[in-house]
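Colleague: Take a look at this one; I'll ask things after.
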Amino acid sequence: TLIDAQVLAAQAKVASGTPPERVYAVLSKENRTAQPPEQDDDEDPPEDTKTVFKIALGGSPARGAATALVTIVEFADYECPFCVRAEPTLRQLRTDYGDKVRFVFKNEPLPFHARAEPAAEAALEVRAEKGDAAFWSMHDAMLEEPRDLSDDGLVELAVHAGARADKVKAALAKHLHKAEIDADADEASDFQANGTPHFFINGRRLVGAQPKTQFAAIIDDEIKKAQALVDGGTKPEAVYDALTKDGKGPEQPDRIAVEGLPGGDPVKGPANAKVTVHEFADFQCPYCVRAEPTLREVAKAYGDRVRFVWHDLPLPFHENAMPAARAAREARKQKGDAAFWQLHDRMFGDGTSESKLSRSDLDADAKAIGLDMTQWGAALDGDAHKTEVELDAAAADKLGFKGTPSFVVVGAGSKSGYVIEGAQDFGAFRKLIERTIA
């Protein structure tokens, strides 16, 4: 986050005349001046372990009796080294507290752990075939060192837990349990469980592979509360719901009114799509480049249920952004939306490198998609399409968008939509698209 902000600040300095070799000196001086007064480490606010969150248990795997006084929900990732580190502590808690504590597991495969999702698939397939006891056997094996989370390694562990090799291979290949994994990940996002392992002890948050004393302090406190409820007549199996019923629910995603969205901008996808993703973007913006593979993944996953609308927001410190925006509009004028998206895709490339937007690059792209080069030259040498681009930028300003890419996810016929800012991962889009469809 800091790097992204400083890249933008540096680009703005260069655009306003600061020599590139002076950017470090200028920005470090400005940042130092803007730094708030230093505080002692012991003045940092302590982690909030008091607030109770209303975490639904659903049908997640559970270890321990439903009558336990304390329920610990863990969001975890099988590839995460900190989840591995937490396991000895959790084993010790099971020994110390016995049937007073039950454990519930929810999947949160982090996007930078390539083997986390396959491991979750394999564990859930074991559960589907052989039940919770086999699931926990598989779970424990995957979180013990040394471990092999390759497909072959997962199949071997699953077979040892009682599952059929062919079914496990099918689950890995076809992502048969993806819906359940996604639902867990969405719940983690709802409650800002943004790293693993992440625990909720009768709804009280505890983050990371903490020492046993940290868990015990909360567990002991919760046992007293739970026992008081039981003594007052609450059935033991209803204790968790009773203690969390007034807990804090998930934060609602940001919504904005969309009546001011420009009409007539480039569109890709059917008019009757259930969801429209509006993107305000800049062809020179590296974060817009980074977002492209995610948008392609969205298009592949949702097909005709989602359409995309492009709105120009060329940032003033990107010298090639306005010419590129006008160029794409000229392609659209000559040959329609299909030509716009062809040029759009060529300018963004494969999503892994900077856009190539010099005039010679744009001319080459125009020739490649068969545009009339006489009309093209006249448009780019003049100020054609500038008004269309500026209308989009004005709409972005009205919506409060200052950076790119910025998105609004809107349901068919809705007057408001969910906001996504920045080059978020597929999960961020999937969550809001699914919510919109629902």
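The values are calculated or read from the model by the stated rules, or taken from the named source; none is laboratory data. Quick caveat, the model's predicted, so the values are computed rather than measured. Neighbour counts are summed over all protein chains in view; Cβ atoms, including those assigned to glycine, are modelled from backbone coordinates with ideal geometry. Remember, those area values only see protein heavy atoms, side chains included, never the ligands or the DNA or RNA. Shrake-Rupley method; radii C 1.70, N 1.55, O 1.52, S 1.80 Å.
Colleague: I need a count of the residues in segment 353-372 that are polar (S, T, N, Q) and free of Cβ contacts under 8 Å to residues at least 60 places away in the same chain.
Modeller: Initial filter on segment 353-372 (polar (S, T, N, Q)): 353, 355, 358, 360.
Going one step further and asking which of them are free of Cβ contacts under 8 Å to residues at least 60 places away in the same chain, we end up with 358, 360.
Residues that pass the stated criteria total 2.
Colleague: Can you pull out the residues in segment 343-352 that are free of Cβ contacts under 8 Å to residues at least 60 places away in the same chain and surrounded by 19 or more Cβ atoms within 10 Å (Cβ to Cβ)?
Modeller: Hits for segment 343-352 are LEU343, ARG346.
Colleague: Has segment 149-161 got at least one residue that is out of contact with any Pro (no Cβ under 6 Å at 6 or more places or on another chain) and under 30 Å from VAL52 (Cα atoms)?
Modeller: Taking every residue of segment 149-161 in turn, none turns out to be out of contact with any Pro (no Cβ under 6 Å at 6 or more places or on another chain) and under 30 Å from VAL52 (Cα atoms).
Colleague: Checking the conditions here, which among VAL410, VAL419 is within 27 Å of ALA179 (Cβ to Cβ), in contact with a Lys or Arg (Cβ under 9 Å, 6 or more places away or on another chain), in contact (Cβ under 8 Å) with a residue 60 or more places away in the chain and surrounded by 14 or more Cβ atoms within 10 Å (Cβ to Cβ)? Step through it out loud before you land on a result.
Modeller: Details: VAL410 fails: in contact with a Lys or Arg (Cβ under 9 Å, 6 or more places away or on another chain).
Selected residue: VAL419, the only one of VAL410, VAL419 that is within 27 Å of ALA179 (Cβ to Cβ), in contact with a Lys or Arg (Cβ under 9 Å, 6 or more places away or on another chain), in contact (Cβ under 8 Å) with a residue 60 or more places away in the chain and surrounded by 14 or more Cβ atoms within 10 Å (Cβ to Cβ).
Colleague: I'd like to verify a number: residues in segment 333-342 that are touching a residue at least 12 places away in the same chain (Cβ under 8 Å), open to solvent by 10 Å² or more (accessible area, probe 1.4 Å) and farther than 16 Å from VAL289 by Cβ, how many? Break it down into steps so the answer makes sense when it comes.
Modeller: Start the filter on segment 333-342 by keeping residues that are touching a residue at least 12 places away in the same chain (Cβ under 8 Å), which leaves 333-335, 337, 339-342.
Cutting the leftovers down to open to solvent by 10 Å² or more (accessible area, probe 1.4 Å) gives us 333-335, 337, 341-342.
Adding the requirement that they be farther than 16 Å from VAL289 by Cβ leaves 333-335, 337, 342.
Selection size over segment 333-342: 5.
Colleague: Scan (1) assigned to a helix (DSSP H, G or I); (2) among the acidic types (Asp, Glu); (3) open to solvent by 10 Å² or more (accessible area, probe 1.4 Å) for the single condition GLU330 breaks and write down its number.
Modeller: With respect to (1) assigned to a helix (DSSP H, G or I); (2) among the acidic types (Asp, Glu); (3) open to solvent by 10 Å² or more (accessible area, probe 1.4 Å), GLU330 is out only on (3).
Colleague: Enumerate the pairs (first residue in segment 167-194 and over 14 Å from LYS106 (Cβ atoms); second residue anywhere and part of a loop (DSSP other than H, G, I, E, B) and open to solvent by less than 80 Å² (accessible area, probe 1.4 Å)) with beta-carbon separation below 8 Å, excluding pairs fewer than 6 apart on the same chain, so at least 6 apart or on different chains.
Modeller: The qualifying pairs are ALA171/HIS177.
Colleague: Would you check if GLU319 is more than 20 Å from the chain's Cα centre (by Cα) and open to solvent by 60 Å² or more (accessible area, probe 1.4 Å)? Let's see the steps before the verdict.
Modeller: Working: more than 20 Å from the chain's Cα centre (by Cα): yes; open to solvent by 60 Å² or more (accessible area, probe 1.4 Å): yes.
So GLU319 passes the test.
Colleague: For segment 187-296, list the strands (runs of 3 or more DSSP E) that sit wholly inside it and hold at least 2 residues that are open to solvent by 20 Å² or more (accessible area, probe 1.4 Å) and touching a strand residue (DSSP E or B) at 6+ places or on another chain (Cβ under 8 Å); which are they? Outline the logic, then answer.
Modeller: Details: elements: 198-201, 204-207, 255-257, 275-281.
Result: 204-207, 255-257.
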